[in-house]
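The values are calculated or read from the model by the stated rules, or taken from the named source; none is laboratory data. Given the structure is predicted, the values throughout are model-derived calculations rather than measurements. Positions of Cβ are generated from backbone atoms using ideal geometry, with glycine treated the same way; all protein chains shown enter the neighbour counts.
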Amino acid sequence: MSSWDDFRDCGMKSPADDIRCYQKLASRINKGKPVKIVEVGTFAGLTAKCLAELGHEVHCVDHWLGSPHDRSSDLVEEHGPGGVHDAFRANLSEYLGKTVFEHVGSSKTIGEAWEPDTADMVIIDASHEYEDVVEDIEVWSKAVAPGGIICGHDYNSQGVKAAVDVIFGNYVQTGGFCVWWIEAGGEFKPQLGE
């Protein structure tokens, strides 16, 4: 029996092309070496598990309450209080405390306390509302080390696309089904609020 036989997605799936895109982005940073990844919005842990299987260190940031602006809050309600978080913990049990670390709370609170320039890759996949995406990018872009990547999911969502395009403009790249990213460092400076 593989570790995937009992995976509970709690109704939230990511396209395989998007998972492969994250894996390729991680491999571009430190060719063949584990990278430190922060996933903001992890739900049941599918992306985290796929990256942990490759030996990467994954920090999962979530309050596990869902978002009132998308179907995740309905799924949280369907699985009961703590149900999605319990599924996350079961799905990643073999990695928790070893290469996967959970950070329970709001993205902003955890991000503001995060040490700058310490993540090789940050994945933004929490709320899809424009203001929330802008805030997540502003807070978490400081965590990305030079030469790292800030990326996210749901570029096909109006709020996500609008926020990413306003902040990153022509620097944004896309891949998979709906993954966006930019590489930190060099001449690029995001247009963040003051």
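For the range 153-174, how many residues meet the condition of being at positive phi and in contact with a strand residue (DSSP E or B) (Cβ under 9 Å, 6 or more places away or on another chain)? Please lay out each step first, then the result.
Within the range 153-174, the subset at positive phi is 154, 169.
Restricting the remaining residues to those that are in contact with a strand residue (DSSP E or B) (Cβ under 9 Å, 6 or more places away or on another chain) gives 154.
Residues in the range 153-174 being at positive phi and in contact with a strand residue (DSSP E or B) (Cβ under 9 Å, 6 or more places away or on another chain): 1 in total.
If you take the residues in the range 93-110 that are over 11 Å from H59 (Cβ atoms) and touching a helix residue (DSSP H, G or I) at 6+ places or on another chain (Cβ under 6 Å), which one is surrounded by the fewest Cβ atoms within 10 Å (Cβ to Cβ)? First the steps, then the outcome.
First pass over the range 93-110, keeping only residues over 11 Å from H59 (Cβ atoms): 93-98, 104-109.
Imposing the further condition that a residue be touching a helix residue (DSSP H, G or I) at 6+ places or on another chain (Cβ under 6 Å) reduces the set to 95, 107-108.
On the way: Y95: 20, S107: 22, K108: 16.
Among residues in the range 93-110 that are over 11 Å from H59 (Cβ atoms) and touching a helix residue (DSSP H, G or I) at 6+ places or on another chain (Cβ under 6 Å), the one surrounded by the fewest Cβ atoms within 10 Å (Cβ to Cβ) is K108.
It is to be established whether one or more residues within the range 136-146 are β-branched (V, I, T), part of a helix (DSSP H, G or I) and touching a residue at least 24 places away in the same chain (Cβ under 8 Å).
So the first thing to find is which residues in the range 136-146 are β-branched (V, I, T), and the list is 137, 139, 144.
Narrowing further to those that are part of a helix (DSSP H, G or I): 137, 139.
Those still in the list that are touching a residue at least 24 places away in the same chain (Cβ under 8 Å) too: 137, 139.
Yes; the residues of the range 136-146 include at least one that is β-branched (V, I, T), part of a helix (DSSP H, G or I) and touching a residue at least 24 places away in the same chain (Cβ under 8 Å).
Could you check, for the range 147-161, whether at least one of its residues is more than 22 Å from Q23 (Cα to Cα), modelled with pLDDT of 95 or more and part of a helix (DSSP H, G or I)?
Yes, the range 147-161 has at least one match.
Need the failing condition index for I37 against (1) assigned to a helix (DSSP H, G or I); (2) under 19 Å from K98 (Cα atoms), just the number.
I37 satisfies every listed condition except (1).
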